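The values are calculated or read from the model by the stated rules, or taken from the named source; none is laboratory data. Only a predicted model underlies this, so the values are computations on that prediction, with no experimental measurement involved. Glycine also receives a Cβ, built like all others from the backbone with ideal geometry; neighbour counts cover every protein chain displayed.
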Amino acid sequence: MNARPGELFYQDLLETCLTAGELMIEGGSEMYRVEDTMVRIAKSAGEPDPRVFVVPTGVFMSLDHGNYCQSTLVHERNINLELVDRINSLSRAFADKKISLQEVKNEVTKMAKGGYPTFPIWLQTIGAAILSATLMVLFMNNYDWIDFPAAAVVGAIGFLSFYYFKRFTNVRFLAELVAALIMTVIAASLVRLFPQMIIDHILTGALMPLVPGLALTNALRDLFKGDILSGMVKICEALLTAFALGGGVGIVLKFLGA
Amino acid sequence: MPFWLEIVINVAFAYLASAGFALTINVPRRVLNLAGISGIISWIIYWLAMRASMGRLLSNLLGSFAIGILGIVFARMKKCPATVFYIPAIVPLVPGVPAYQAVRELTSGNLRGANDAVLRVIIVTGSIALGMLLSNMCVEIFFRIKKFYKRHSEKYNN
């Protein structure tokens, strides 16, 4: 018979699972995948009956028939797929007994402090510029090449301003509003300079890196899967983003009369 | 513009758009190329369906069905979660134009136009989500049938 594991083991396991779940939600994973990963880590550590409850704003977990129970709050939800991929592969390696619990814990705490590779900010900005310009051409059926560079410039500036304003405020809504304001001002002045450009086309492309269509699709997928609560939360978040972007664009267009 | 040139532009731009978005959301480096490829395939299916005048709902559904299947196939190839491929590939299908139109109509006080645009957004997002769900179901059924046949063939061979 193996001995009953001590308190220290359970604390370690809870810490690891909760941090992993929190990071996955911050990375924009679906809820069922988060639950799956946490349960997999706990089960392969030898806990027979782990229970988890995951919503987009927090993670709850209990081990050892409820003797050990903890929760973590999640304040920030972005899309960062590197995190999702790394934690997923960590949990699989742990389930295959390739690494120990201590190694998993070290790795997860390292990731929580930002120890994972990210693309440099200039590359991300170039990505946003390419995305804005190409999608503008794809969406508008008449292939207008005049707005192509304008959409790239405005999209890149909008993405950069969102990235930097997010550091000053912890209200995501405000950062989006400011980004939309800046984008619309620049687009309007570009149209003043070059009258043959169309401001609607430029803004449609430039808003694409920030637009919540993706969040809405993910929310609906969660809803259809049966995670009603997280689906509703995500829909509310997407609607807030839409209001922020729309408000920013609307204010400037009203003032400038464009 | 000749038809082949249109196809070339669509393929190149769909790849660039998906890969560009993949850069901004920090996908793992080894899947960057495949994310772009699944973006191409889903956009081309959507675009051809739209040209064949199949309507917005059906073309979005077909495009996202392709995304779902490709996501699972690539996830098995590269051994990483399927979400990594879904999110960059959906981007060209996401209803950006009607969403912007809704905002624009609202700010200019045209409520009826805004209503139309919002409904269009809801229909398109719903059909994208439904398409991915259907493809997940089909893949699951396929693997279950494969497993069943494998077990049976082992039984008969021994």
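So in the stretch A:223-250, with the set limited to residues that are facing another protein chain (nearest Cβ under 9 Å) and over 28 Å from residue A:140 (Cα atoms), which one is surrounded by the most Cβ atoms within 10 Å (Cβ to Cβ)? Checked the stretch A:223-250; the qualifying residue surrounded by the most Cβ atoms within 10 Å (Cβ to Cβ) is A:223.
When B:42, B:59 are checked against the criterion of being among the polar types (S, T, N, Q) and in contact with a Phe, Trp or Tyr (Cβ under 7 Å, 6 or more places away or on another chain), a single residue qualifies: B:59.
Looking at this structure, is residue A:175 farther than 30 Å from residue A:33 by Cβ, under 23 Å from the mean Cα position of the chain (by Cα) and buried (at least 18 other Cβ atoms within 10 Å of the Cβ)? No, not satisfied. Is it the case that residue B:42 is touching a Leu at 6+ places or on another chain (Cβ under 9 Å) and more than 13 Å from chain A (Cβ to nearest Cβ)? Spelling it out, it is not the case that residue B:42 is touching a Leu at 6+ places or on another chain (Cβ under 9 Å) and more than 13 Å from chain A (Cβ to nearest Cβ). In the stretch A:31-48 there is at least one residue matching the filter, namely being modelled with pLDDT of 85 or more, within 30 Å of residue B:35 (Cα to Cα), of a type in the set (D, E, K, R) and in contact with a strand residue (DSSP E or B) (Cβ under 8 Å, 6 or more places away or on another chain).
Just one of the listed residues (A:74, A:104) is crowded, with 23+ Cβ neighbours inside 10 Å and in the same structural domain as residue A:40 (by TED's automatic domain parsing), namely A:104. Residues of the stretch B:84-104 include none that is of a type in the set (A, V, I, L, M) and surrounded by fewer than 19 Cβ atoms within 10 Å (Cβ to Cβ). Residues that are out of contact with any Phe, Trp or Tyr (no Cβ under 8 Å at 6 or more places or on another chain) and within 14 Å of chain B (Cβ to nearest Cβ): does the stretch A:60-77 have at least one? Taking every residue of the stretch A:60-77 in turn, at least one turns out to be out of contact with any Phe, Trp or Tyr (no Cβ under 8 Å at 6 or more places or on another chain) and within 14 Å of chain B (Cβ to nearest Cβ). Somewhere in the stretch A:175-194, is a residue within 8 Å of chain B (Cβ to nearest Cβ) and either in a helix (DSSP H, G or I) or touching a Pro at 6+ places or on another chain (Cβ under 8 Å) (or both)? Checking the stretch A:175-194: not a single residue is within 8 Å of chain B (Cβ to nearest Cβ) and either in a helix (DSSP H, G or I) or touching a Pro at 6+ places or on another chain (Cβ under 8 Å) (or both). In the set A:136, A:232, A:183, only one residue is at pLDDT 85 or above and touching an Asp or Glu at 6+ places or on another chain (Cβ under 8 Å); that residue is A:136. All conditions but one from (1) buried (at least 19 other Cβ atoms within 10 Å of the Cβ); (2) under 30 Å from residue B:32 (Cα atoms); (3) without any contact (Cβ under 8 Å) to a residue 40 or more places away in the chain apply to residue A:81; the one that does not is (3).
Taking residue B:132, is it within 21 Å of the chain's Cα centre (by Cα) and loosely packed, with under 12 Cβ neighbours inside 10 Å? Spelling it out, it is not the case that residue B:132 is within 21 Å of the chain's Cα centre (by Cα) and loosely packed, with under 12 Cβ neighbours inside 10 Å.
Residue A:18 - would you say it is surrounded by fewer than 21 Cβ atoms within 10 Å (Cβ to Cβ) and out of contact with any helix residue (DSSP H, G or I) (no Cβ under 6 Å at 6 or more places or on another chain)? Against the criterion (surrounded by fewer than 21 Cβ atoms within 10 Å (Cβ to Cβ) and out of contact with any helix residue (DSSP H, G or I) (no Cβ under 6 Å at 6 or more places or on another chain)), residue A:18 qualifies. Reported count of residues in the stretch A:13-52, each being free of Cβ contacts under 8 Å to residues at least 60 places away in the same chain, hydroxyl-bearing (Ser, Thr, Tyr) and either under 11 Å from residue A:72 (Cβ atoms) or part of a loop (DSSP other than H, G, I, E, B) (or both), is 1.
Of the residues making up the stretch A:34-50, those that are within 14 Å of chain B (Cβ to nearest Cβ) and out of contact with any helix residue (DSSP H, G or I) (no Cβ under 7 Å at 6 or more places or on another chain) are A:35, A:36. Output yes when any residue across the stretch B:115-123 is surrounded by fewer than 17 Cβ atoms within 10 Å (Cβ to Cβ), of a type outside the set (S, T, N, Q) and over 18 Å from residue A:238 (Cα atoms), and no when none is. Checked the stretch B:115-123: at least one residue is surrounded by fewer than 17 Cβ atoms within 10 Å (Cβ to Cβ), of a type outside the set (S, T, N, Q) and over 18 Å from residue A:238 (Cα atoms). Residues of the stretch A:101-121 that are at negative phi and within 19 Å of the chain's Cα centre (by Cα): A:108, A:111, A:112, A:113, A:115, A:116, A:117, A:118, A:119, A:120, A:121.
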